[in-house]
Amino acid sequence: MRYHYFPGCTLKGQAKNMESTTMAAAAALGIELVELEEWQCCGAVYPLYEDELITLLSPVRTLAAAKGEPLVSLCAACHHVLKRAQELMQRNEEARKKVTDYLEVDYAGEGRVLHFLEVLRDDLGFDKLAEMVKKPLEGRKVAAYYGCLLLRPSKVMQFDDPENPTIMEDLLKAIGADVVKSPYRTECCGAYLSVTEEAVAEDTVTRIIDSARNAGAEALITACPLCRYNLENCASEDGKEPIKVYYFSELLAEAMGLQFDQLMTSALERRRSSDGNK
Amino acid sequence: MATSNKTRLVDEMKMQSGQDPNECYQCAKCSAACPVTAAMDLLPHQVIRYLQLGFEEDLAKSNTPWICASCFTCAARCPRDLDLARMMEGIRLVMLRRREGNKFGPADLTPEQLEKLPQQALVSGFRKYNK
Amino acid sequence: MSTALNDKTTGYEPLIVAFCCNWCSYAGGDLAGTSRMSYPANVRVIRVPCCGRMNPMFVLRAFQRGADGVLVAGCHPGDCHYSTGNYHGRRRLSAFKRLVEFAGFEPERFEVRWISSSEGDKFAEEMEQMTAKIKALGPNRKMRDARWQSVT
Amino acid sequence: MPRTGVFICHCGTNIAGTVDIEKAVEASRNFPGVVHAADYRYLCSEMGQDLIKKAIVDNQLDRVVVGTCSPRMHEGTFRKAAAEAGLNPYLLEVANIREHCSWVHKDIEEATPKAISLLRAAAAKAVLNESLDAPELEVEKRALVIGGGIAGIQAAIDIAEAGYEVDVVEREPSIGGRMAQLEKTFPTLDCSACILTPKMVEAAQHPNVNLITYSEVEEVKGFVGQFDVKIRQKARSVDPVKCTGCGICYEKCPSKASSEFEMGLSKRKAIYIPFPQAVPNVPVIDRDACLYFTKGRCQICEKECPPQAIVYDQEDEIFERRYGTIIVATGFDQMNPSQYGEYGYGQHPDILTGLEFERLFNASGPTGGKVVRLSDGKPPEKVVFIQCVGSRDKARGMNYCSKICCMYTAKQAILLKEKVPDAKSYVFYIDVRTAGKGYEEFQRRAAEEYDVAYLRGQVGKIFPDGDHLVVHGVDSLSGKIIEIKADMVVLAAASIARADSPELGRIVGINSDSYHFFNEAHPKLKPVETHTAGVFIAGACQAPKDIPDTVAQASAAAVKAVGLLSKEFLKGEACTAEVNQAECSGCLYCEAVCPYSAISPVEIEERYQGGTLKRTVAEVNPALCQGCGSCTVICRSGSINLKGFSNEQILAEVDAICLQR
């Protein structure tokens, strides 16, 4: 299984360990992720204003670079932007013409745009994954936190049931963890409000964490660097039992029996390809 | 207080977002679904009501469009199939384009924040609050 | 001679003959009227009991007499007042359309549509679209029989 | 050449506003065969009709063209007027210059020539019109009612009382329908069973009513007056004649299945009656649940049944009967709200639909009439009602208002307070709709006397939290976010059409709207008629409806049915197909396409070279023919034509319309 891979800025910065753990786990699972050459930032937010075509240039260039072949990303925001840009290219001929003419590329919305979780579910299969797990995370009580960007708008993202998703719980099951379901797992963490409106983020994040804790979780997994930042930094936690936040890939790599050293090495190996980007 | 429902803000927002506030029947499900109402001075459904009635000046003063985190929960649950996240973005852009300069920039961040925040947050934030 | 249809100053105005079944499409046309929708006056409706009554001969005659477009409209498949008439009509008319094309005539000039009695909006829309399409296509020169005009 | 008169209606300004009437009259004078042309302000008025009648006599007209509204509106009126003047009614043609012309065009310069061309086409057709006679059809003096809920029961009793036989076909083992599932009825709070059961018994005991339960309609052939209906009576596995209804069988039966009547909230036996007041009181064996049918052992019911009424080898029985008229009263379903993930229906036992909650009040219901949480059996302290779940929702549900929810929610909140005095109800609503006699007063009582908190707004999400359901909503009037730690949540799920209503519609020959509710013939003036003559509709199969409206509509449908049954003969279709037997080659392709079996082969004798020759040709039975015309097109030799819509007439219309080119 070979895929084009779009890392995005955060995975080369604050979220390096999401990339390194994914790369290591993917290799162990026989999934090859080939980083696109000379990729650019996706823009981080999908433009909801229809005449903001300029912000579509970068994601469409990325989509075109995949040449119609499957394109995988890890960061929820990158995946959201790419997927929605693809849908716009399929739906809106005028926008497509303007953008592709400007970029001088030929792109009409073709190719699968996948989040790595979808690769695990749809292409590899969680059953197969479960068989390949070397160190099941027995007894670890983990809850999934989905956030917004992977799920909504569900008509476009087509990732999972937007109100009652199961993909991350299925992953946790496959790697042997004890799944804890928290009712707040699809509520927004406050996203970039943590930059400007910390009080809001504190409110949303505290609810999410408390809900997971009350449900019996010791840890949370997420697929979004910003969610993770907020979950780790914004909750009011005075005196409560702490909850550890992981990227899903960290637990996946751990279940694949990959040691910290190995992860670091593979992270270092990946370094060279990230040079010269941005 | 303007009471005409044909204001520039509404017209431009409608054209750009493809959303017609008149399709809303004020069930307020968006407000019930919104995770960040605590800091808003107008609830999401009130923003639509103000759009319906053309209360443009009040909307210009409201912090609600700037609090909206574009989590799309309102749009996912709206029984009228309206995308309020798009309307909010519409209002923000109209305001930003009218305004001189940006609402928020790197200078507004502490060195500590710059060090710690994921790149994604910085890019998103600048995108949302800047021209 | 109609001034509206052949006025040199307003340009080309096509004539479209629409055969509508009494139970669905004709009633849909009535609803378009009752709802005060509007569509181009280029369309003239002939009422038939069912689109299963549509003999391709009627269509050919319209083209021979100079119609630029012909539309047959019936009940949605499954909703025929006579239970199966529109299935027969659908089969017959789709074969006929291919024959027309085979004979070198623009197949776009002949369309079959399903419009129910509650679809006044769809009726108006279809008439609008058909007129626009035929307008872009220009006059029917291939099948029109010039001799008939001189007789009358 | 026949003598044609053309009459053009102003319809006030409806036509005259966009069609130059004077010009149209002048143009009409020049159509071939036209000897008289006139106009009038309202032709359909008595004065207008007299004008036509007088002109027919004065000018010896033998063809009439009226340029008016749609023929679907007033063709009958004008044909009747022509007949009164001594003309065969089928010699009159209508040009639709209102719905198809003046109302859809705004420019008088466009509408006038179009109106003239439509008039010219009608005049050209009229020249070729012939005198036609409608055949007389016998009426079978028996009615069929499909569906044995309150609508079907009421219609059947009314028809029976008028002196006609009526069969009621009910799919379930008992009549009663949705109303039987209700505890109390708004706005008077009478007990549903107390008012329904006597009606069920009345229907069962009426000499003119024949209940055919556990049965379904499989096929309907024929037409008004003579519908031939195939009914499948499913195998009950119990002999209804021998059965005394003692109930020992279901007492002893060891096998259980989910109870449909209790909305799946409790179990019933494999041999069962759906509810204690069932009519007929004859059990049914559910063969999917019965141990004997699934595993070949048990047979306890057979051993225990005192009159030995159990018949395991009973088979489905299919029988055919003829009916003069049919009333469709198949009721509604409740939407399954599990697609609304934010409410979590189906994932938590204390989140119920309105109809499920209703069953908790019933003494024979799943909780024996105790209103308790299904999770732990404790009475609820806080109950949240959410309105418009799936109704008024064009994104994920139905665009319409389900009409009954506001009222039954008020009712349930009142009943709750009476059963559990400490309970507090909260109702999240978008609008409270209480149009109906005594309805507004009832809802106000709930709010004022029963302390029901009405919150104007919706619920964003329900978060299960330990024993509770945290309901996160908003009250838009105060602008406050509301969080309620509820014990139970009741969803007013939308009333929707039965899942198989399109299929039944196809069988009976009536159509439905985009939501699959059956269509009435006219939204105001023909509320119980359908577009198929002789078929009427009643109750919630037409649109969501409460009990009073349903009963009123059922009686209305019954009157229509009785009116039809009281006639000795019905006038059939005059525009029927006709075979030119001299040209017919006898291929009988026409027989194959005829949906009414109106065409059959017949042997004729022809003189041929001095002798006679026997030959098979097609023949049309005008009483059966409905005039669709499919046969005329399939005929290879062109020897079938349709009276009233003949090839020549349609071609004449085409010619006339294209004349302007």
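The values are calculated or read from the model by the stated rules, or taken from the named source; none is laboratory data. This one's a predicted model, so the numbers in the text were calculated from it and none came from an experiment. Please note: Cβ atoms are built from the backbone with ideal geometry, for glycine as well, and neighbour counts cover all protein chains shown.
A few comments on the model shown:
- Residue in segment D:637-647 that is in contact (Cβ under 8 Å) with a residue 12 or more places away in the chain, part of a helix (DSSP H, G or I) and either more than 30 Å from the chain's Cα centre (by Cα) or more than 9 Å from chain C (Cβ to nearest Cβ) (or both) present: yes
- You will find that of B:Gln19, B:Gln26, the residue that is more than 7 Å from every other protein chain (Cβ to nearest Cβ) and either at positive phi or outside any helix (DSSP H, G or I) (or both) is B:Gln19 and no other.
- Complete set of residues in segment A:126-145 that are surrounded by fewer than 13 Cβ atoms within 10 Å (Cβ to Cβ) and of a type in the set (Gly, Ala, Ser): A:Gly139
- Matching option when the condition is without any contact (Cβ under 8 Å) to a residue 40 or more places away in the chain, closer than 23 Å to D:Ala160 by Cα, away from chain C (no Cβ under 13 Å) and surrounded by fewer than 23 Cβ atoms within 10 Å (Cβ to Cβ), among D:Pro527, D:Pro548: D:Pro527
- Flag if D:Leu651 is touching a Ser or Thr at 6+ places or on another chain (Cβ under 8 Å) and either under 20 Å from C:Val48 (Cβ atoms) or within 13 Å of chain C (Cβ to nearest Cβ) (or both): no
- Spans of helices (runs of 4 or more DSSP H) in segment A:131-250 with at least 1 residues within 14 Å of chain D (Cβ to nearest Cβ): A:154-157, A:167-174, A:198-214
- Meets criteria (part of a loop (DSSP other than H, G, I, E, B) and either free of Cβ contacts under 8 Å to residues at least 40 places away in the same chain or not assigned by TED's automatic domain parsing to the domain that holds D:Asp350 (or both)) for D:Pro421: yes
- Among the residues of segment B:79-108, not one is acidic (Asp, Glu), more than 10 Å from chain A (Cβ to nearest Cβ) and touching a Pro at 6+ places or on another chain (Cβ under 8 Å).
- Where D:Thr353 falls short, out of the listed (1) in contact with a Gly (Cβ under 7 Å, 6 or more places away or on another chain); (2) more than 14 Å from chain B (Cβ to nearest Cβ): (1)
- One residue from D:Lys403, D:Lys394 being of a type in the set (Lys, Arg), within 14 Å of chain B (Cβ to nearest Cβ) and not in a helix (DSSP H, G or I): D:Lys394
- Taken over segment C:31-89, the criterion of being under 20 Å from D:Ala122 (Cα atoms), at the interface with chain D (Cβ under 8 Å from one of its Cβ atoms) and of a type in the set (Phe, Trp, Tyr) is satisfied by C:Phe58 alone.
- D:Val654 vs. criteria surrounded by 20 or more Cβ atoms within 10 Å (Cβ to Cβ) and either at negative phi or assigned to a strand (DSSP E or B) (or both): yes
- Selection from segment D:473-506 of residues that are surrounded by fewer than 18 Cβ atoms within 10 Å (Cβ to Cβ), within 11 Å of another protein chain (Cβ to nearest Cβ) and either in contact (Cβ under 8 Å) with a residue 12 or more places away in the chain or in a loop (DSSP other than H, G, I, E, B) (or both): D:Leu477, D:Ser478, D:Gly479, D:Glu483, D:Pro502
- Listing of strands (runs of 3 or more DSSP E) fully contained in segment D:304-355 that carry 3 or more residues being modelled with pLDDT of 95 or more and surrounded by fewer than 22 Cβ atoms within 10 Å (Cβ to Cβ): D:317-323
- Boolean, D:Asp431 is assigned to a loop (DSSP other than H, G, I, E, B), surrounded by fewer than 19 Cβ atoms within 10 Å (Cβ to Cβ), out of contact with any strand residue (DSSP E or B) (no Cβ under 7 Å at 6 or more places or on another chain) and within 14 Å of chain B (Cβ to nearest Cβ): yes
- Boolean, B:Gln120 is crowded, with 20+ Cβ neighbours inside 10 Å, facing another protein chain (nearest Cβ under 9 Å), more than 15 Å from the chain's Cα centre (by Cα) and of a type outside the set (Gly, Ala, Ser): yes
- Any strands (runs of 3 or more DSSP E) falling wholly within segment D:50-158 and containing at least 1 residues that are buried (at least 24 other Cβ atoms within 10 Å of the Cβ): D:63-68, D:92-96, D:142-146
- Selection status of D:Tyr454, more than 14 Å from chain B (Cβ to nearest Cβ) and either among the aromatic types (Phe, Trp, Tyr) or more than 34 Å from the chain's Cα centre (by Cα) (or both): no
- Where A:Val45 falls short, out of the listed (1) at pLDDT below 90; (2) more than 21 Å from the chain's Cα centre (by Cα); (3) aliphatic (A, V, I, L, M): (2)
- Among the residues listed as D:Val64, D:Val139, the single one being within 30 Å of C:Phe123 (Cα to Cα) and more than 14 Å from every other protein chain (Cβ to nearest Cβ): D:Val64
- Scanning segment A:124-147 for residues that are in contact with a helix residue (DSSP H, G or I) (Cβ under 7 Å, 6 or more places away or on another chain) and within 24 Å of A:Val205 (Cα to Cα) returns A:Val142, A:Ala143, A:Ala144, A:Tyr145, A:Tyr146, A:Gly147.
- Extreme residue, modelled with the lowest pLDDT, among residues of segment C:12-30 that are within 7 Å of chain D (Cβ to nearest Cβ) and assigned to a loop (DSSP other than H, G, I, E, B): C:Trp23
- Restricted to segment D:356-374, and to residues there that are part of a helix (DSSP H, G or I) and among the hydrophobic types (A, V, I, L, M, F, W, C), the residue that is surrounded by the most Cβ atoms within 10 Å (Cβ to Cβ) is D:Leu360.
- Among (1) loosely packed, with under 15 Cβ neighbours inside 10 Å; (2) assigned by TED's automatic domain parsing to the domain that holds B:Glu23; (3) modelled with pLDDT under 90, the one test that B:Val94 misses: (1)
- Subset of segment A:76-96 (residues that are in a helix (DSSP H, G or I) and not aliphatic (A, V, I, L, M)): A:Cys78, A:His79, A:His80, A:Lys83, A:Arg84, A:Gln86, A:Glu87, A:Gln90, A:Arg91, A:Glu93, A:Glu94, A:Arg96
- Residue count for segment A:1-15 satisfying the condition of being at the interface with chain B (Cβ under 7 Å from one of its Cβ atoms) and buried (at least 24 other Cβ atoms within 10 Å of the Cβ): 3.
- Helices (runs of 4 or more DSSP H) contained in segment B:33-78 and holding at least 3 residues within 14 Å of chain A (Cβ to nearest Cβ): B:64-67, B:73-77
- For segment D:30-43, the count of residues that are farther than 29 Å from D:Lys526 by Cβ, surrounded by fewer than 24 Cβ atoms within 10 Å (Cβ to Cβ) and aromatic (Phe, Trp, Tyr) is at least one.
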